[in-house]
Amino acid sequence: MLITERVDRAARSIRLGGLVAIPTETVYGLAADAENLDAVARIFEVKGRPTSHPLIVHIAGSDALGAWAASVPDDAALLAGTCWPGPLTLLLPRSKRVSDAITGGRDIVGVRVPAHPLTLELLDELGGGLAAPSANRFGRVSPTTAHHVAADLADHLDPKRDLILDGGSCPVGVESTIIDCSVDPPQILRPGGIPTDDIEQLLDGRLDQGSGPARASGMLRSHYSPDCLVVLADDDRHAEELADEARNDGAVVSVIDRTDDLVTAARELYTDLRRADDDGVDVLVAVMPPAEGLGHAIRDRLMKAAAEHCRDRPSRDG
Ligand code: TXA
Ligand code: MG
């Protein structure tokens with residue numbers, strides 16, 4: 001698998017219809033030319049993701065928004081103007097340029113301007129949009145380094161056509177905040193790298209906290225899952241109790257407690273989850289951060305990592 005820092009090579013891959021794993025400030029994305037239907041179809045194959053789960057279109061700047069959205073309400077223009085480039089995705093009525101393959105047939109499209117110099121350079125060079133979900137297999141932990149992407153997807157990518165653009169470690173570490181601006185008031189669909197409180201303040205409190213049916217795959221109850229069992233603790237004492245209990249059952253146990261620094265907690269979250277698997281941990285006890293600032297996004301990801309799901313888990317006894 002080719003891992004490169006060269007934007008010109010990445011641009012060539014995209015132009016030839018290949019896939020490129022792109023660095024962003026949040027997590028790595030698996031990108032295709034948003035207007036190349038065959039390339040977009042391969043994103044779903046490589047990820048093992050159902051085609052009903054829509055993709056975010058990444059663009060070079062707010063100026064390009066009009067090409068992808070049929071209309072841009074004032075709230076959306078305000079958020080885009082204030083937060084882009086940055087970890088915010090806006091859902092807007094889609095323009096004719098956006099295919100059903102991108103939106104899963106919905107009439108709204110997710111758009112964002114990522115804050116990473118290499119990917120902004122790539123977008124500038126290409127002039128179009130890049131459709132990209134996180135560059136992990138469906139339901140699994142998102143990647144925050146080029147090495148994570150290679151570990152997850154090397155067997156599924158085509159070394160002749162695809163490549164990984166290495167932009168170092170993602171500084172934010174959790175995915176973008178998703179705000180649906182096609183409804184009034186705007187609704188938050190996924191807490192993320194821009195704290196919910198900041199968005200609420202920008203919108204003068206007019207933000208619907210949305211507890212409706214799952215409308216985004218990151219909103220499925222179970223997601224972001226490592227192989228180990230993730231158990232949530234309220235504080236460090238609770239964590240030690242849970243850890244002792246699991247050890248008594250014969251499990252290999254690890255504890256993560258980064259509640260004193262939420263910026264680091266977010267940046268390291270997915271590396272922590274991956275490390276537990278690499279280290280052969282059976283039970284990972286995670287202390288929940290407070291529900292403030294980036295804590296909302298971290299709590300959301302940890303709860304989904306901890307939710308029971310269909311894959312076989314290693315039993316606590318073995
Ligand atoms: O930070 C991020 O947002 C990263 C980086 C690569 O940009 N991307 C990312 O993509 O997290 P993904 O596909 O893993 O998660 C995007 C979420 C999905 O849950 C998807 O269902 C939702 O956004 N989404 C995208 N377009 C949508 C649409 N038109 N309507 C409803 N949900 C949408
Ligand atoms: Mg994802």
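A few points about this structure:
- A 1.4 Å probe over all protein chains sorts ARG137, ARG6 by accessible area into ARG6, ARG137, starting with the largest.
- If you sort HIS156, HIS147 by accessible surface, 1.4 Å probe, largest first, the order is HIS147, HIS156.
- Placing R0 at 30 angstrom, the Cβ-Cβ distance between ASP278 and HIS53 gives a FRET efficiency of 0.65 after rounding to 0.05.
- Annotation: for a label point projected 7 angstrom from Cα along Cα→Cβ of ASP234, residues of the range 268-290 with backbone N closer than 19 Å are 285-290.
- With all protein chains modelled, accessible area of THR26 [1.4 Å, Å²]: 10
- The chain - mean residue ellipticity at 222 nm from DSSP helices (-39,500 (n - 2.57) per run, n ≥ 4, rounded to 500): -9500 deg cm²/dmol
- These residues, MET1, MET288, MET303, go from largest to smallest accessible area, 1.4 Å probe, as MET303, MET1, MET288.
- Inter-label distance, MET1 to ASP249: 3.2 nm, where each label sits 7 Å from its Cα along the C-beta direction.
- Net lengthening on full extension, ARG206/ALA41 (0.36 nm per residue, minus Cα-Cα): 55.7 nm
- Carbon/sulfur fraction of accessible area - the chain, other protein chains in place, 1.4 Å, %: 47
- The range 144-196 versus the range 60-132: alpha-carbon centroid distance in Å: 14
- In this structure GLU245 has an accessible area near 100 Å², from a 1.4 Å probe over the protein heavy atoms.
- Annotation: aspartates and glutamates with alpha-carbon distance below 14 angstrom to LYS304 (same-chain offsets under eight excluded): GLU175, ASP227.
- With each label modelled as a point 7 angstrom along the Cα→C-beta vector, the ASP155-ALA291 pair spans 3.9 nm.
- Antiparallel DSSP beta bridges within the chain, percent to nearest 5: 45
- Accessible-area value, ARG267, 1.4 Å probe, nucleic acids and ligands omitted, Å²: 90
The values are calculated or read from the model by the stated rules, or taken from the named source; none is laboratory data. Please read these numbers as outputs of a predicted model, since none were measured by experiment. No Cβ is skipped: glycine too gets one built from the backbone with ideal geometry, and neighbour counts run over all protein chains shown. For accessibility, only protein heavy atoms count, side chains too; no ligands or nucleic acids. Shrake-Rupley method; radii C 1.70, N 1.55, O 1.52, S 1.80 Å.
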